[in-house]
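The values are calculated or read from the model by the stated rules, or taken from the named source; none is laboratory data. Because the structure is a prediction, the values reported are computed rather than measured. As a convention, Cβ positions derive from the backbone with ideal geometry for all residues, glycine included, and neighbour counts pool all protein chains shown. Surface areas here come from the heavy atoms of the whole protein model, side chains and all, with no ligands, DNA or RNA. Shrake-Rupley method; radii C 1.70, N 1.55, O 1.52, S 1.80 Å.
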Amino acid sequence: MSIATGRAASPLSARSAKKPNVFSRMAAHRTDYLYVLPALIVMMVVIAYPIYYTIELSFYRTPPNLQLRDKVWAGFDNYTAVLSSSVFHEVTLNTVIWTVASTFFSFVLGLGAALSLHREFIGRGLFRALLMIPYVVSAVAASYVWKWLYHSDFGVIGALAVQLGFTSEPINFLDNRQTVLSSLIVVNIWREFSFAMVMMMAGLQTVPEQLLRAAQVDGATPWNRFWHVTFPHLKGVSMVTVLLLMVANFNSIIIPFIMTGGGPADASHIWITHIYQLAFGRQQWGAAAAYAVILFIVMMALGYFYVKALTRGDEARQE
Amino acid sequence: MAQVVLQDIVKSYGSLYAVNHVSLTVDDGEFVALVGPSGCGKTTTLNLVAGLLPMTDGDIVIGDRIVTDLDPKDRDIAMVFQNYALYPNKTVYKNLAFPLQMRKLPKDEIDQKVRAAAKVLDIVPLLERRPRELSGGQQQRVALGRALVRDPRVFLMDEPLSNLDAKLRVQMRTEIKRFHQDLNATIIYVTHDQLEAVTMADKMAVMNKGFLQQYDTPKNVFDNPVNTFVASFIGSPAMSLVPLEVVQRGDQAVLTNEAGWELPLSAMNTRKALKATTNKVVLGARHSTIKLHKSETVGAVPARVYTVEPTGDITFVQAFVGEAVVIVSLDPTVIVRPDEDVWLEFDQERMHLFDGETTMALSAA
Ligand SMILES: Nc1ncnc2c1ncn2[C@@H]1O[C@H](COP(=O)(O)OP(=O)(O)O)[C@@H](O)[C@H]1O
Ligand SMILES: [Mg+2]
């Protein structure tokens, strides 16, 4: 499909036209591949080899008393062990809760903040800067600060709750199996909503002023203008933001690792912290590798469907 | 349809006056073009009429109501934008239905009005398409349709044709003109293209730097520009303007420049020239009112040919009179060459004289 003929073709015929397959397209662009070859080689070494090594390792048993080079072939044992363990199910549930809740609330709060900051008002610049702080400060530092805020004896949040009469005793946020995950999710949302806010603010800037004016003349209320003009326009950037948040949340480690280390009693473990513990805590390299491979497959599948959904609009536009 | 009155309207951004005390009346059913160079305040004026911007001062009357404090939706206006501003995620049908939906009309009434408007604009086959599946001209028609469905009292159009290619622009020009005639619509039409204004409008309002310069029929603006700005903006090619000095010789005035030649003025032009606030005047002449002589002639002033542009049935010659460029049109059979010395004779009946200080047209009365 060339651009020149694409214009004349009706959308129907464009959709049914067959795409040339990947290999003939690659052959047609072989010199292009030559140009990116050096970068490809570097990427092979730093990305492809570790992936290969992880996959290899996932088929071996590596008891703590063994050197890594003395690993024992185990076939799919690691996979069956991981998939059938109850810890895996608990950690997976935690990861899903962690990812979905963090992504959803970060996005909604970020969108809300972006919308409120989009209007002109005195002190807007200051607010913008303030709301950006969570994303700018180091996650490690923030985690330590929040750990203190949540502290059962010295924590500001617990003390405030008592002072305001919500509870008679400071709540034990982090040392309680029931509250620990939600408490960590709150910290994560606090950190991530400002990222979503920045993305959505950028998106809002691209909403055509004329469309909003047209809607205003057409009699649309502010809510209708948002719903019929702004929101559809933000679809693309929203999907990218949600994808990035999801990937980041599936791969989170800093906040739980620093604030609870997965405890108490594994209640706040999510995939990456658990993998880390298996590998570097218990030297179960094979099991950790199998874990990582499973996570990798899940992420790839997710990413594939997401990117596909994301680019569908583009293809229609290119015709 | 209704009359629109702008009463001394002002829009300032800090110390910048985007619209500076503009007053004008658009009569019921009239097609008025707001024309001027980019940045002169046309869009701002239109947005003030629409109510999309808060006005600094002044009043706007539409029909029998003062609408100054009303929201756009309550002003009963419809607007057509430069890049059409169609809702990209809605079909053509839904785009047309949107203003009616927002006014909470019953579904069957919406359907009936949308189909009627689509019929008028000949876009019935496009109703289920999305804007990006339409050509520029079709999108423009849909935008007109969306303005039309509501049966507004005034149509406001902001450079609706400037995104179209030249051929389509000429075609849509005719269509909008027809649209105006068929509906007997009151239209305020913004354009930076003076040719569009001249060809389409009943009246044109020429703006510059936020000020309304002249508001009159295209013919009157063309024949009697009020100042050098309007003179140089309207007409293609533009009127040639030559800054000169007036000297009185008895009861006759003559124009002269540094080169030392003298151009005696007719009795009427003498009266005009002597009204100037200083001895500086600007002589204005359109290309068709200037005669080119290849040898020295009484009543003609010396000039030097700069460029020659044959266009087929007419040849345009640019020549320098002192520092000023004068454009003359010639029959293509007359051959002149760049750098040739020629003499230009200005038609005393049809020349314009402007005050060199105030730039205003000088009148004999
Ligand atoms: N929001 C704004 N803030 C400051 N200046 C503005 C704003 N909008 C328009 N202007 C200025 O007002 C003047 C008129 O603008 P506009 O009406 O858009 O001109 P045009 O005749 O090209 O449509 C311009 O000098 C422009 O820079
Ligand atoms: Mg404009």
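Pick from region A:208-234 the residues that are in contact (Cβ under 8 Å) with a residue 12 or more places away in the chain and within 29 Å of A:THR99 (Cβ to Cβ): which of them is most open to solvent (accessible area, probe 1.4 Å)?
The selected residue is A:HIS233.
Out of all the residues in region B:285-301, is one or more surrounded by fewer than 18 Cβ atoms within 10 Å (Cβ to Cβ) and either out of contact with any strand residue (DSSP E or B) (no Cβ under 8 Å at 6 or more places or on another chain) or on the phi > 0 side of the Ramachandran plot (or both)?
yes
Among the residues of region B:102-127, which ones are crowded, with 17+ Cβ neighbours inside 10 Å and either without any contact (Cβ under 8 Å) to a residue 12 or more places away in the chain or within 14 Å of another protein chain (Cβ to nearest Cβ) (or both)?
Selection gives B:MET102, B:LEU105, B:ILE110, B:LYS113, B:VAL114, B:ALA117, B:LEU126.
Could you say whether any residue in region B:224-242 is outside any strand (DSSP E or B), within 16 Å of ligand 1 (Cβ to nearest atom), open to solvent by less than 40 Å² (accessible area, probe 1.4 Å) and polar (S, T, N, Q)?
No, region B:224-242 has no match at all.
For region A:161-190, how many residues are within 13 Å of A:SER143 (Cβ to Cβ) and open to solvent by 40 Å² or more (accessible area, probe 1.4 Å)?
So the count comes out to 2.
Is it the case that some residue within region B:29-36 is open to solvent by 60 Å² or more (accessible area, probe 1.4 Å) and away from ligand 2 (no atom under 16 Å from the Cβ)?
no
Would you confirm, using the coordinates I've provided, whether B:VAL170 is away from ligand 1 (no atom under 16 Å from the Cβ), hydrophobic (A, V, I, L, M, F, W, C) and open to solvent by less than 20 Å² (accessible area, probe 1.4 Å)?
The answer is no for B:VAL170.
Looking at region B:5-15, can you tell me whether even one residue there is farther than 25 Å from A:LEU212 by Cα and either within 16 Å of ligand 2 (Cβ to nearest atom) or among the basic types (Lys, Arg) (or both)? Reasoning before the result, please.
In the first step, residues of region B:5-15 are kept if they are farther than 25 Å from A:LEU212 by Cα; the result is B:5, B:7-8, B:15.
Add one more test, that the residue is either within 16 Å of ligand 2 (Cβ to nearest atom) or among the basic types (Lys, Arg) (or both), and what stays is none.
No, there is no match, as no residue in region B:5-15 is farther than 25 Å from A:LEU212 by Cα and either within 16 Å of ligand 2 (Cβ to nearest atom) or among the basic types (Lys, Arg) (or both).
Would you be able to say whether some residue in region A:232-240 is modelled with pLDDT under 95, at the interface with chain B (Cβ under 9 Å from one of its Cβ atoms) and touching a Ser or Thr at 6+ places or on another chain (Cβ under 9 Å)? Quick ask: steps written out before the conclusion?
Pass one, region A:232-240, residues modelled with pLDDT under 95: A:232-240.
Checking which are at the interface with chain B (Cβ under 9 Å from one of its Cβ atoms) leaves us with A:232-233, A:235.
Going one step further and asking which of them are touching a Ser or Thr at 6+ places or on another chain (Cβ under 9 Å), we end up with A:233.
Yes, region A:232-240 contains a residue that is modelled with pLDDT under 95, at the interface with chain B (Cβ under 9 Å from one of its Cβ atoms) and touching a Ser or Thr at 6+ places or on another chain (Cβ under 9 Å).
Any idea which residue in region B:107-138 is farthest from the chain's Cα centre (by Cα), counting only those that are closer than 18 Å to B:ALA85 by Cα and among the charged types (D, E, K, R)?
For region B:107-138, the residue satisfying everything is B:GLU128.
Residue under question is A:PRO264, and the condition is that it be surrounded by 21 or more Cβ atoms within 10 Å (Cβ to Cβ) and in contact with a helix residue (DSSP H, G or I) (Cβ under 7 Å, 6 or more places away or on another chain); does it hold?
On the way: surrounded by 21 or more Cβ atoms within 10 Å (Cβ to Cβ): no; in contact with a helix residue (DSSP H, G or I) (Cβ under 7 Å, 6 or more places away or on another chain): yes.
Judged against the criteria, A:PRO264 is not a match.
Could you list, in sequence order, all residues of region B:75-93 that are closer than 22 Å to B:GLU109 by Cα and out of contact with any strand residue (DSSP E or B) (no Cβ under 9 Å at 6 or more places or on another chain)?
B:LEU86, B:TYR87, B:LYS90, B:THR91, B:VAL92, B:TYR93 - these are the residues of region B:75-93 that are closer than 22 Å to B:GLU109 by Cα and out of contact with any strand residue (DSSP E or B) (no Cβ under 9 Å at 6 or more places or on another chain).
Given the conditions (1) among the hydrophobic types (A, V, I, L, M, F, W, C); (2) modelled with pLDDT under 85; (3) under 24 Å from A:PRO64 (Cβ atoms), which single one is not true for A:VAL307?
The one condition A:VAL307 does not meet is (3).
Answer yes or no as to whether B:LEU148 is away from ligand 1 (no atom under 16 Å from the Cβ), open to solvent by less than 50 Å² (accessible area, probe 1.4 Å), modelled with pLDDT under 90 and in the same structural domain as B:ASP193 (by TED's automatic domain parsing).
Details: away from ligand 1 (no atom under 16 Å from the Cβ): yes; open to solvent by less than 50 Å² (accessible area, probe 1.4 Å): yes; modelled with pLDDT under 90: yes; in the same structural domain as B:ASP193 (by TED's automatic domain parsing): yes.
The answer is yes for B:LEU148.
Take B:ASP165 and decide whether it is of a type in the set (Asp, Glu), surrounded by fewer than 18 Cβ atoms within 10 Å (Cβ to Cβ) and either within 16 Å of ligand 1 (Cβ to nearest atom) or under 19 Å from B:GLU30 (Cα atoms) (or both).
The answer is no for B:ASP165.
Within region B:152-196, which residues are within 14 Å of chain A (Cβ to nearest Cβ) and within 16 Å of ligand 2 (Cβ to nearest atom)? First the steps, then the outcome.
First, pick out the residues of region B:152-196 that are within 14 Å of chain A (Cβ to nearest Cβ): B:152-160, B:162-163, B:165, B:188, B:190.
Across region B:152-196, the qualifying residues are B:LEU156, B:MET157, B:ASP158, B:GLU159, B:PRO160, B:SER162, B:ASN163, B:ILE188, B:VAL190.
Here are some residues: B:VAL10, B:VAL5. Which one is in contact with a strand residue (DSSP E or B) (Cβ under 7 Å, 6 or more places away or on another chain), more than 16 Å from ligand 1 (Cβ to nearest atom), hydrophobic (A, V, I, L, M, F, W, C) and more than 13 Å from chain A (Cβ to nearest Cβ)?
It is B:VAL5.
If the requirement is being over 13 Å from B:VAL154 (Cβ atoms) and either in contact (Cβ under 8 Å) with a residue 60 or more places away in the chain or touching an Asp or Glu at 6+ places or on another chain (Cβ under 8 Å) (or both), which of these qualifies: B:ALA2, B:ALA85, B:ALA50, B:ALA18?
None of the others qualify; the one that does is B:ALA18.
Looking at region B:73-85 only, could you name the residues that are surrounded by fewer than 23 Cβ atoms within 10 Å (Cβ to Cβ) and within 8 Å of chain A (Cβ to nearest Cβ)?
B:LYS73, B:GLN82, B:ASN83
Suppose we filter B:ASP216, B:ASP193 for residues that are more than 16 Å from ligand 1 (Cβ to nearest atom), of a type outside the set (Ser, Thr, Tyr) and modelled with pLDDT of 90 or more; which single one remains?
On the way: B:ASP193 fails: more than 16 Å from ligand 1 (Cβ to nearest atom).
Residue meeting the stated conditions: B:ASP216.
For region B:343-365, give me each residue that is free of Cβ contacts under 8 Å to residues at least 60 places away in the same chain, surrounded by fewer than 20 Cβ atoms within 10 Å (Cβ to Cβ) and not in a loop (DSSP other than H, G, I, E, B).
Matches in region B:343-365: B:TRP343, B:GLU345.
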